[in-house]
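Before any comments, here is the structure.
The values are calculated or read from the model by the stated rules, or taken from the named source; none is laboratory data. Everything numeric in this text was worked out from a predicted model, so none of it was measured. Because the Cβ atoms are built from the backbone with ideal geometry, glycine has one as well, and the counts that use them run over all protein chains shown. What goes into the accessible areas is simple: the full protein's heavy atoms, side chains included, and nothing from ligands, DNA or RNA. Shrake-Rupley method; radii C 1.70, N 1.55, O 1.52, S 1.80 Å.
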Amino acid sequence: MPDHVLAMILFAVKTWVDLPHAKAFVGSVLKSITTTSNKLISFVTVRFIVILLYSVSFESVVLLLSDLREQISINGNRSDGKIFPDLLKLLVGHIHLLRNFGIPLAGGVVEIFQIIDVTVFGIGEIKVFAGNAVLGQDQDAVCVSNGGQTMCNGKGGAPLGQAFERLLYQMLAFVVECTGCFIENVDLIMTDGISSFVNGVEVAVMSEAGGREVAIFDRLTAQMAYVLALYRHRPKLIASIKEMIGRYVQSVSSETGFIGSDVTIVDTGYIKNVRIGDCCQIEGASRLKNGSINSNRKAPVHIGVGVVGDDFIISSGSSVEDGVTFSRCFIGQACHLGRNYSATDSLFFSNCRGENGEACSIFAGPYTVTHHKSTLLIAGMFSFLNAGSGSNQSNHMYKLGPVHQGIMERGAKTASDSYILWPAKVGAFSLVMGRHVSHQDTSDLPFSYLIEQQNTSFIMPGANLKSVGTIRDAKKWPQRDRREDPDKLDSINYNLLSPYTIHKMLKGMSVLKELQRVSGETSDTYSYQSGKIKSSSLVNGLKYYGYAIDKFFGNSLITRLMSADCSTLDELREAFVPKSAYGDGDWVDIAGMIAPKKAVTDLLDAVERGDVRDVDSLNKCFADIHSEYYRYEWRWACKAMEEYYGFTLASASAEELSDLVRRWRKSVVSLDNLLY
């Protein structure tokens, strides 16, 4: 007899109270079950048997099942294992469960029908929740489904305890601490065994072949991930951080899942081993397997129609919509993935946006944005990136496999149909146009154009400093920070001109002057890093870098003058003396955070020594360095100005200070004229 027909018949006779008739009818149904080879059909039928049994007294049910035990158990040696003996246990367990839950056996069906509005084959269905769980915290109704085994609670806060042993290998085990949860038409929600909810899973970022794996977890920041990926030359450091992460993973691992307050899960398929935070909305997702959705009331997460995710973490304030597929991914705060975007082995940090295209093994630092269908980002590190349509990279040369990788430093852009053959490194705030296969490294020439002409890569140093788009980007990024969670994980510095970029420009000026000296000022082109620099581009690059350097130093000086409470020149000189411990030497961009290299190195040394013992402490240390940026910047600017202009601020005359201000004003006006 077809399963749905049995279900309809059982529903029609669920009010029978005549035990002999009920016993005979249920016996025939169970006999039918023992001959079917479809476990899922059997379970659907058994659920409706439970409906019938609720209409009979509990003692009569026990007698009925006892009489049927032998008939069911003889099928225990079938090829599909112990499914039928376990079905018997399941039926008994369901009855005990509802009785302990305080729902009357007679008429209980009607009560539960009023609590949950779920239909199967057009018939109201009662479902049963199983496992070590607590449903609800107040009087609001809570319903949780695992595709036919759901408990609905209208009483709030009722502990179920260990209802019965884990059966049929995969039983639902969830903790629901919610008021106002709404869960409807869900195929399956379950936790299978002990799960870390993907915390501790390693993602093969940047290198598809491995070697730069980052263990993702709830509290992962862009800065910590950067260290894990790029400091592999310090194995003791990596081991220490992994040990911290391991302790965190142990603290969140559980046999019991979690669904927070005010969660909505509707029209959704398969959800397995997923922790779901407060106020999350899951609407029409196809599959979510092994993950953590760190939604909260301040910054809820939304997951939309057709989404398929395996081994993932989604941070607060993010949305994943419209058929996105992703595997082994970390999605940071306030990110958006939509319109059939595809991502594998990738990290997306704050305010990233991906639509239509594809990502594979990328480290997407803050504000990495790609919108276009034909765009592939692969095996690279990016931040503040805007990828044009058809942008593409290659991470192997068909010899050793996908072992190559590249870096596009902060603020880089790719024009439509651009292509880069890794390995390569593109300088900060640079624009890439055309196809580049010569493995350039323009990191010491920031704000450049990298343009292909007749299969040759031409570099235009500093050309992007005169682009209004660059200024627009610098202004829009802080305005587009959509992180509403007060606990912001990533430390982000938005400054266009900083010790990091100015130091690059100073090195770039030295490079360009050396090219002029070696090749002669009359040369038409100069060779640099497998590319070409035209003479006019070199001259303009020196000019543009000069303007930017004067502007940065002037900005720092004027800011200091405005904040100094001084009435004499000596007091002003005293105010110029840096008070910070760090700032000298090289600076680094740690995935959006700009900091003195020495400060970062000292922190990592402390991690190796064991002075920093947990992930939250490490994140706080990064945040502390970030908060001291302007004090560190001033120390670096003071020393750099002394080397660049040839006098010390601590002994500068009024005329020398006035000259610096005049140079600043000239640079600002000159750059504005270039822009407008």
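Summarising the amide proton neighbourhood of LEU288: residues at separation of 5 or more, or on other chains, whose placed amide H is nearer than 5 Å comprise TYR270, ILE271, LYS272, GLY309. In order along segment 608-616, the Karplus-derived 3J(HN,Hα) couplings, from 6.51 cos²θ - 1.76 cosθ + 1.60 at θ = phi - 60°, round to 4, 6, x, 6, 10, 10, 9, 5, 5 Hz, and Gly and Pro are given as x. Neighbours of ASP586, meaning other residues whose beta-carbon lies under 13 angstrom from its beta-carbon, give a summed charge of +2 when Lys and Arg score +1 and Asp and Glu score -1. Take the Cα of ALA654, go 7 Å toward its beta carbon, and the backbone nitrogen atoms of segment 553-574 under 14 Å from that spot belong to 567-573.
Structure note, pairs LYS488/LYS666; LYS289/LYS620; LYS475/LYS620; LYS236/LYS475; LYS236/LYS413; LYS425/LYS598: Cα-Cα distances above 29 angstrom occur for LYS488/LYS666; LYS289/LYS620; LYS236/LYS475; LYS236/LYS413.
Qualifying GluC sites (Glu not before Pro) in segment 490-578, where qualification requires a DSSP coil assignment and no more than 13 other C-beta atoms within 10 Å, comprise GLU521.
For SER448, the residues 5 or more places off, or on other chains, whose built amide H falls under 5 Å of its own are SER430, LEU431, GLY462, ASN464. Solvent-accessible surface (1.4 Å probe) assigned to HIS439 amounts to roughly 70 Å².
Each Lys or Arg adds one and each Asp or Glu takes one away; over the other residues whose Cβ falls under 10 Å from the Cβ of SER292, this sums to 0.
Would you please give the FRET efficiency between ASP487 and ARG339, computed as 1/(1 + (r/R0)^6) with r the Cβ-Cβ distance and R0 = 25 Å, to the nearest 0.05? Walk me through the numbers before you get to the answer.
Values: r = 29 Å, r/R0 = 1.16.
Computed FRET efficiency for ASP487 and ARG339 comes out at 0.30.
Kirkwood radius and radius of gyration were both taken over the C-alpha atoms of segment 612-671, and their ratio Rg/Rh is 1.24. Could you tell me whether segment 490-587 comes out rounded, prolate or oblate from its Cα gyration tensor? Rule is a ≥ b ≥ c as square roots of the eigenvalues, rounded for a/c under 1.5, then prolate if a/b exceeds b/c, otherwise oblate. Here segment 490-587 falls in the prolate category.
No solvent, one uniform scatterer per C-alpha: report log10 I(q)/I(0) for segment 543-650 via the Debye equation at q = 0.11, 0.20, 0.24 1/Å, two decimals. Computed log10 I(q)/I(0) values: -0.44, -1.07, -1.33. Accessible area per residue (1.4 Å probe, heavy atoms of protein chains only) ranks TYR676, TYR630, TYR494, TYR545 as TYR676, TYR630, TYR494, TYR545, with the largest value leading.
Extension gain, GLU608 to ARG665: 0.36 nm times the residue separation minus the Cα-Cα distance gives 15.9 nm.
If R0 equals 25 Å, the separation of the Cβ atoms of SER374 and ARG480 corresponds to a calculated FRET efficiency of about 0.55.
Residue by residue, segment 522-539 carries 3J(HN,Hα) couplings of 8, 5, 7, 9, 10, 8, 8, 6, 6, x, 10, 10, 5, 4, 5, 5, 5, 4 Hz when phi is fed to the Karplus relation 6.51 cos²θ - 1.76 cosθ + 1.60 (θ = phi - 60°); x denotes Gly or Pro.
A simple packing score, the average count of other Cβ atoms within 10 Å per residue, orders the peptides 185-195, 309-319, 373-383 as 309-319, 373-383, 185-195, with the highest score first. Averaging the Cα positions of each part gives two centres, and for segment 501-570 and segment 426-484 these lie 17 Å apart. Count Lys and Arg as plus one, Asp and Glu as minus one, and take only other residues whose Cβ is under 15 Å from that of ASP605; the net charge is then +3.
Of the trypsin sites (Lys or Arg not before Pro) found in segment 569-676, those in coil by DSSP whose Cβ has at most 14 other Cβ atoms within 10 Å are LYS579, ARG613.
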